[in-house]
1. At A:Glu259, label 7 Å along Cα→Cβ: distances to the other copies, nm, ascending?
2. Can you list which of the trypsin sites (Lys or Arg not before Pro) found in segment B:182-212 are DSSP loop residues with at most 15 other C-beta atoms within 10 Å?
3. Rounded to the nearest whole Å², what accessible area per residue is found for segment B:294-335 with the 1.4 Å probe?
4. Could you work out how far the C-alpha centroid of segment A:191-208 sits from that of segment A:316-376, in angstrom?
5. State in Å² the accessible area per residue of segment A:120-236; use a 1.4 Å probe, count heavy atoms of protein chains only, and round to the nearest integer.
6. For segment C:1-126, what mean projected area does the convex hull of the alpha carbons give, in nm²?
7. In segment A:246-264, whose amide N lies under 18 Å from the spot 7 Å out along Cα-to-Cβ of A:Glu231? List them in ranges.
8. 7 Å along Cα→Cβ for the label point: how many nanometres lie between A:Lys318 and each equivalent label in the other copies, listed shortest first?
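The values are calculated or read from the model by the stated rules, or taken from the named source; none is laboratory data. What you see is a predicted model, and the numbers here were worked out from it, not measured in a lab. A quick note on method: Cβ atoms are made from the backbone with ideal geometry, for glycine too, and the neighbour counts reach across all protein chains shown. Side chains included, ligands, DNA and RNA excluded: accessible areas come from the protein's heavy atoms. Shrake-Rupley method; radii C 1.70, N 1.55, O 1.52, S 1.80 Å.
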Amino acid sequence: MYNLKDLIKRIGELNTSDMYLNDFLLTWEKSDDEIAATFAVADALRLLREQNISSKIFDSGLGISLFRDNSTRTRFSFASACNLLGLEVQDLDEGKSQIAHGETVRETANMISFMADVIGIRDDMYIGKGNKYMREVSAAVQEGYKDGTLEQRPTLVNLQCDIDHPTQAMADMDHIIHTFGGVENLKGKKIAMSWAYSPSYGKPLSVPQGIIGLMSRFGMDVVLAHPEGYEVMPEVEEVARKNAGKTGGSFTRTNSMKEAFEGADIVYPKSWAPFEAMQRRTNLYGEGDMDGIQKLEKELLAHNAQHKDWACTEELMKTTNAGKALYMHCLPADINGVSCDEGEVEASVFDRYREPLYKEAGYKPYIIAAMIFLSKMQNPAEVLENIEKRGQKRVFKL
Amino acid sequence: MYNLKDLIKRIGELNTSDMYLNDFLLTWEKSDDEIAATFAVADALRLLREQNISSKIFDSGLGISLFRDNSTRTRFSFASACNLLGLEVQDLDEGKSQIAHGETVRETANMISFMADVIGIRDDMYIGKGNKYMREVSAAVQEGYKDGTLEQRPTLVNLQCDIDHPTQAMADMDHIIHTFGGVENLKGKKIAMSWAYSPSYGKPLSVPQGIIGLMSRFGMDVVLAHPEGYEVMPEVEEVARKNAGKTGGSFTRTNSMKEAFEGADIVYPKSWAPFEAMQRRTNLYGEGDMDGIQKLEKELLAHNAQHKDWACTEELMKTTNAGKALYMHCLPADINGVSCDEGEVEASVFDRYREPLYKEAGYKPYIIAAMIFLSKMQNPAEVLENIEKRGQKRVFKL
Amino acid sequence: MYNLKDLIKRIGELNTSDMYLNDFLLTWEKSDDEIAATFAVADALRLLREQNISSKIFDSGLGISLFRDNSTRTRFSFASACNLLGLEVQDLDEGKSQIAHGETVRETANMISFMADVIGIRDDMYIGKGNKYMREVSAAVQEGYKDGTLEQRPTLVNLQCDIDHPTQAMADMDHIIHTFGGVENLKGKKIAMSWAYSPSYGKPLSVPQGIIGLMSRFGMDVVLAHPEGYEVMPEVEEVARKNAGKTGGSFTRTNSMKEAFEGADIVYPKSWAPFEAMQRRTNLYGEGDMDGIQKLEKELLAHNAQHKDWACTEELMKTTNAGKALYMHCLPADINGVSCDEGEVEASVFDRYREPLYKEAGYKPYIIAAMIFLSKMQNPAEVLENIEKRGQKRVFKL
């Protein structure tokens, strides 16, 4: 499955025409062909790099990153992806730039984009804001491109919003596909996306939402588990439900971690904040009610603390399929006795899966590169073929 | 006028020899040929990029940016220009670097320049300081180059100082030339550089000064309008006066915005701080007199508030030539009811000119690239010809 | 000695096989061949650049820099070196990244390294920490490479730790070699690495340690001078002693600056903090004892102030060999009457040596580039030969 010729052939058979000059904001806005093409291009770019072949498709051009939240993994993944394709990363540091609100989103989007080929945005803090902001930027540059202000259409990559975390979910999925030897082996597999306890509060919902929104497309039995009160956005559950219906899989919800893990082939235990609380927090920030925010924080921490038993223990892992479910996490994890006293996962479980966890993360640069590649190359298969033929070395070799 | 062959021919006829290995600090230090060549090279670089031809002239090398004031537009323009030509931008963040004063300007300038081809500096906060600082840096690297410390002469681009904002004024002018179909159509046109009210205070003088210092070179009637007390640097007025004298245009000053707009072909309404107040502020900072600064700020805001009627209204716009003067601004503007209650311009005026305003800004990356290009290439016309012949694609195309 | 053909021939005769895919952490971990090869490659890369030949060996790839202390010189040297070879610098700003301690060094090291070819780290603040941290990072990426998490082995360059400052010492040494016309002319030369007074406190020990650890390898008489109580790490003195023994030179210690300067061919007067005090400070930080730190600081400043006579004066310079010893410093220096009232060096001495001092600094980018080059190219001589043959221009030339 993973030789370059087959991958290129595969890509050529998929319809990716709508990806051209388009953004990647939510996985469920993408067709099955488009999702499949993204995995295939990511794998192809990796194979090329492993063969020391450069896949630069840009000779110059900027990749702009705008992080409204701290980030290591995604920041470096975006930088790596841009660099792999030949774009130079330029950070839009809002502190240094004094970006204002309202009218100026449109203005700023154009002002930074005169030579931008791609814009990557992380804006995951406030419910109802992040994805909306990305669409504002997208509409602005689309209009700028249409009226000739911009010579090229900068395409957007969602590096995590309030709704989805597509580069994470896609990297996770590519990891699953590789681990199970192909997407065709996933039918009937059980994946548990489970809430887990963390001493910190307010972690974004975009990971669990991204996971159920994407993993439900491959015929798997997707179980979302969380304590009562930790619901995710209902719209995304609806997406998962519909996806599952179409592919012969299932999407179910439970308030028992135990039930979710029972016989699971894949487990993804991770903390998140209740959707409803995040909405309240967003409103409190909107009103500048700092007392309210502090009160909410205390309340949430107390609430969390009632569910310390939601941890990925060795005991729970034993109940998974043959006791060997693939343990996944977007990292960094809250590891018992390591990064916190009590957290999402027991240290021995985490340690056993360290290598696959790191590999899981390693798909992200390629997934982002594939998203950019497909938004810029109208004939991805032919271009990849030509890149291989060109045979430009990434690192000088005699 | 704007095909590549003609532009290259034009450039070949202009004398740009003094630009080679030289800085771009003030437009009025540049000959007419040099100004014309900068526009022509900027246009040529744009045409090449529009044809997907890479104009990389550097295979490696650094473009160093030093911003002593917040910036989005100019920061990204400089980064874009460097990237277009093949230089990697490296920010000199003085916070992280602890650059000291006095002796060490010379030292730091050399220390960062071992592989620097260009240094872009914004230093616009203090009267009598910014431009002077740039010249110190320039002298330091010139000496370093002469004595062999530096293998190449890093050239400087003034990204805004206390006196001039050449990349802004040149981009604005290129916009005017394109809008009016050529520099030959500008004779006798009236341009109003007018003060306008803003609720913020202390905006640099470099934009109005840059505009009157440059626009007075093309046979236009340049009118500088401002309330009493908002004078700009007398030296720059003198430059404008002399320029106008030489080109059959005129430079006049008025305390009436109405008079300035009357029959104007181009209007540039923008707030700035009075020169004399900026001098006082510079001295107060020098003395560390924070109380004095706060007092001055209050005084200036109160002063400003007396001139809220200095706004670019629809009514005023109607009095311009055929009611259709080209509205210009360096952005961001203070828009009534949008970014402030009362400000420089009525929202409907701004909205009508949004597209040209964004395009105006779009000239800046190319202007900066042209400045770098001309300081690095001894035979710019031949090099551009060769770049076209080389035909290296910017974005991979089958 | 310094033509390209000879340098390449020389490099071909040296055994550099252990440098391949390896780090550069301490000069005394490197064989004489490896040290010699680093100088030769640095010189060769400089010659190539002076001939406008690009020495890019990477078509894409990241060079990651992690500065846990302010830096201008080394930051720009690292950026220049990466850029020269074709790597894009990506800063790991720990503030923006929230890198945690313990377990996560391993994790972070892998997470940032998926497309990293080199990692440069400055971590010089705490005794017993910096070098250790680098080795943790190195072990982490080595393991990641071995188990396939990382497709390439990112190699480390020590940009200053608590023990050594190899890029500084190597650049300094290359400067000495060039000044004296070859390493063969250094036998019997006297070099004085001397403490000097500075009004600031707590300067790292890595420079004096780096100097005695490296300079003792070339048959010179290395004298380390400092007031009582300003001892450096005993392990490094031991290194210097052993080195000197092997090469027919000597390593001695004195508490008299005068004695050290007497007849010296090279002097390196520079402030540093006492090793023992730095250990106490490290422990106080570990215990979070801020009062203790403040007390220690006062004590150290008072201690320093007793040694204001340790300054590089004209008078002292006269006592050096023919009164013309080469004055060296890693910069910035504390210059009497310039950057402080009383400091390390008299202004007239510093001024006389400004040009060589700046040139001294200019070796650093090439030394770093050579370290990267040798860790990435298995056949450095052949690669350099091919780079020359390839003849790719760094700056476009007709």
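1. Counterpart label points of A:Glu259 in the remaining copies fall at 8.3, 8.3 nm.
2. Numbers: sites: B:Lys187, B:Lys189, B:Lys190; in loops: B:Lys187, B:Lys189.
Filter output for segment B:182-212: B:Lys187.
3. It amounts to 52 Å² per residue over segment B:294-335.
4. Each part's Cα centre sits 13 Å from the other's.
5. Heavy-atom accessible area per residue stands at 26 Å².
6. Over all viewing directions, segment C:1-126 projects a mean Cα-hull area of 9.4 nm².
7. Backbone N within reach: A:251-256.
8. Copy-to-copy label distances for A:Lys318: 8.7, 8.7 nm.
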